[in-house]
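The values are calculated or read from the model by the stated rules, or taken from the named source; none is laboratory data. Since we're looking at a predicted model, the values are computed, not measured. Note that each Cβ is placed from the backbone with ideal geometry, even for glycine, and that neighbours are counted across all protein chains shown.
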Amino acid sequence: MTRLWNEPADFADQMIDGFVAANERYVRRVPGGVVRSTTSPAGQVAVVVGGGSGHYPAFGGLVGPGLAHGAAMGNLFASPSTKQIHNVAKAADNGGGVFFSYGNYAGDVLNFDAAQERLRAEGIACETVTVTDDIVSATADEKRKRRGIAGDLTVFRIAAAAAETGADLAEVTRLARLANERTRSFGVAFTGCTLPGAEQPLFTVPEGRMAVGLGIHGEPGIDETDIPTADGLAELLVSRLLDEVPDGVELAGARVVPILNGLGSLKYEEMFVVYRRVAQLITDAGVEIVDPHVGEYCTSFDMAGTSLTLFWLAGAGEDSELAALWDTPVDTPAYRRGSVSPQQPRVAADSTATVAEAVEPGDEASQSVARTVLAAVRTMVDTIDTHVDELGRIDAIAGDGDHGIGMQRGSHAALAAATAAVDAGAGAGTTLAHAADAWSDKAGGTSGALWGVILNAVAGKLGDQGRPDAAAIATGVAAGSRGVTDYGKAEVGDKTLVDALVPFSSALTQAVDGGAGLTDAWRTAADAATRAAAATADLLPRMGRARTHGQNSVGTPDPGAISLALIVTAVGETLAAENSVKESADV
């Protein structure tokens, strides 16, 4: 279990601050993560990696000469936000373009893709290769759907090595894609992990049993068995990986880098016993072992478990370009290979400072609506605070356990931003837009990105002049619903937030079109969202991290749908109270 924290919601930020303080030789802090504190050649492709915190040394521990130029670091087990990724990439850019690589998870894909498009619009060339090494998360025919686990290291290292040689962005991307195609991983766990402040681990494994094929965020495995001997575990790991050798690689005479990775609480001594047999089995298969790794490279907080990655450098007789790149020296806080020449410190302005955004005042009517918006955001905060533990519990079954704390971080940031906007005289649209951007930035992950889309769409219809009518608000909600489905690609029935959002929007529009006032229409729509959210318990997930849970999530509703239903129901009561106050004042 995890024992040391201050405020759980502040854990990731405070962890990054401490990491930077301990490693100023390598990294410096920027909003959203870290970048190298040393100079890089002008024109060199900048390799930017990232993902949720809680996986050290991934991702900040891999920033330094010979490896990443920057790491975007989100909240625990949650994707960094679009803004965080954009900030890190801008700070890391050397003029040669930015290469992104990260594990293939829904929130990371959403936010990295959005940051990439923003950078391209600013004239910075970008490319991406997502890591898909986990063989149990999808079939070989659907490799593109697989998640990334400890195989991140091989793809990051090859991409960075190519950048060190002066390769351009297209060549870095080609080599990284080849490295990903040559990487396969498979993992097991004996206990789950416990996030700071949580009373229970994200999942449990019965005493004496082992979860097989689980994910690094606590996603359940495909099987559960008795704990084998060390040799028995080695045989399981190696046999599963040798069953899926990459295309073009023949076992006899091939060269492979084995990476036995500890997930957080497994002792090195135990891993060495396992690796002894791993090495024997690989050698017996006629494969040459190159540069074996045994240690912690991608952890899952305090999870007790291990994974084996096989990175196939070359087939028999193949003059592999990957093998040459693998020898590139690396010097980072948590990973070192070979000897790197002394690096010059980079002199940079303080990039942690934020510039306050000027607020254009709204007219008197819109400022009045802005105060209602602020009351609604405060209600959202209260609702999430009340249900944060339950949302986390649901997400631990049908997701990865971080939904409650992510929503809490996002809503509190939204309240602070909305309060500041109202104090500055902003109208309703600007107030809600500021709240939306703060929510997206601080929450991170899929939910942060999607709530940013929803709130910004509504903000666009509120405006900063006059008092919007019910039709305008319904139109804004409909725009948010379309934006979420366009952005996240989920549809009704996929077991996501969309399953509650679409019925809410449809019912709101229908009620308003039928002549209902906003308060009554909102309550009707909230009832529809609540029923739809509850019905997600019967669905199999088809999108996001919950997709790999399959049958395990049936019987548990989707946490994103539940949180949306809770929020719109509570906001409906706030709108009713605000409307009652207005009517009393008019009398």
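For a quick check of your reading: which strands (runs of 3 or more DSSP E) sit entirely within segment 143-241 and have at least 2 residues that are assigned by TED's automatic domain parsing to the domain that holds PRO41, in contact (Cβ under 8 Å) with a residue 24 or more places away in the chain and surrounded by fewer than 21 Cβ atoms within 10 Å (Cβ to Cβ)? Fully inside segment 143-241 and qualifying: nothing. Taking (1) surrounded by 23 or more Cβ atoms within 10 Å (Cβ to Cβ); (2) part of a helix (DSSP H, G or I); (3) hydroxyl-bearing (Ser, Thr, Tyr) in turn, THR496 satisfies each apart from (2).
TYR56 - would you say it is crowded, with 20+ Cβ neighbours inside 10 Å, over 16 Å from the mean Cα position of the chain (by Cα) and of a type in the set (Phe, Trp, Tyr)? In short, no.
Conditions (1) touching a residue at least 12 places away in the same chain (Cβ under 8 Å); (2) among the β-branched types (Val, Ile, Thr), marked per residue:
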| residue | (1), (2) |
| --- | --- |
| ALA490 | yes, no |
| LYS495 | yes, no |
| VAL498 | yes, yes |
| SER505 | yes, no |
| ALA511 | yes, no |
| GLY514 | no, no |
| GLY517 | yes, no |
| ASP520 | no, no |
| ARG531 | yes, no |
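Restricted to segment 289-330, and to residues that are of a type in the set (Asp, Glu) and at pLDDT 95 or above, which residue is nearest to GLY50 (Cα to Cα)?
Within segment 289-330, the match that is nearest to GLY50 (Cα to Cα) is GLU296.
Scanning segment 327-346 turns up no residue that is in the same structural domain as GLU224 (by TED's automatic domain parsing), surrounded by 16 or more Cβ atoms within 10 Å (Cβ to Cβ), closer than 16 Å to LEU67 by Cβ and not small (Gly, Ala, Ser).
Yes/no per residue for (1) β-branched (Val, Ile, Thr); (2) touching a residue at least 12 places away in the same chain (Cβ under 8 Å); (3) within 19 Å of ALA179 (Cβ to Cβ); (4) in contact with a Leu (Cβ under 8 Å, 6 or more places away or on another chain):
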| residue | (1), (2), (3), (4) |
| --- | --- |
| TYR26 | no, yes, no, no |
| VAL47 | yes, yes, yes, yes |
| GLY54 | no, yes, no, yes |
| ALA58 | no, yes, yes, yes |
| LEU67 | no, yes, yes, no |
| ALA78 | no, yes, no, no |
| VAL98 | yes, yes, yes, yes |
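Right, ALA304: of a type in the set (A, V, I, L, M) and in contact with a Phe, Trp or Tyr (Cβ under 6 Å, 6 or more places away or on another chain) or not? So ALA304 fits the description; yes. Just to be sure before I move on: is TYR102 surrounded by fewer than 24 Cβ atoms within 10 Å (Cβ to Cβ) and under 20 Å from GLY148 (Cα atoms) in the structure I sent? In short, no.
Which one is modelled with the highest pLDDT among residues in segment 242-260 that are surrounded by 21 or more Cβ atoms within 10 Å (Cβ to Cβ) and of a type outside the set (A, V, I, L, M, F, W, C)? The qualifying residue modelled with the highest pLDDT is PRO258. Per the listing LEU119, LEU110, the residue uniquely without any contact (Cβ under 8 Å) to a residue 40 or more places away in the chain and part of a helix (DSSP H, G or I) is LEU119.
Restrict the check to segment 294-313 and report whether at least one residue is among the hydrophobic types (A, V, I, L, M, F, W, C), farther than 25 Å from GLY103 by Cα and more than 27 Å from the chain's Cα centre (by Cα).
No, segment 294-313 has no match at all.
Only residues that are farther than 24 Å from GLY215 by Cα and either not in a strand (DSSP E or B) or not assigned by TED's automatic domain parsing to the domain that holds PRO201 (or both): list them for segment 250-276, please. Answer for segment 250-276, where residues must be farther than 24 Å from GLY215 by Cα and either not in a strand (DSSP E or B) or not assigned by TED's automatic domain parsing to the domain that holds PRO201 (or both): GLU250, LEU251, ALA252, GLY253, ALA254, ARG276. Note on segment 534-551: residues that are in contact with a Ser or Thr (Cβ under 7 Å, 6 or more places away or on another chain), assigned to a helix (DSSP H, G or I) and either modelled with pLDDT of 60 or more or within 17 Å of LEU391 (Cβ to Cβ) (or both) amount to 2.
Of the set (1) out of contact with any helix residue (DSSP H, G or I) (no Cβ under 9 Å at 6 or more places or on another chain); (2) in a loop (DSSP other than H, G, I, E, B), all apply to GLY305 but (2). Screening segment 552-587 for residues that are under 33 Å from the mean Cα position of the chain (by Cα) and not in a helix (DSSP H, G or I) and picking the one that is modelled with the lowest pLDDT gives VAL554.
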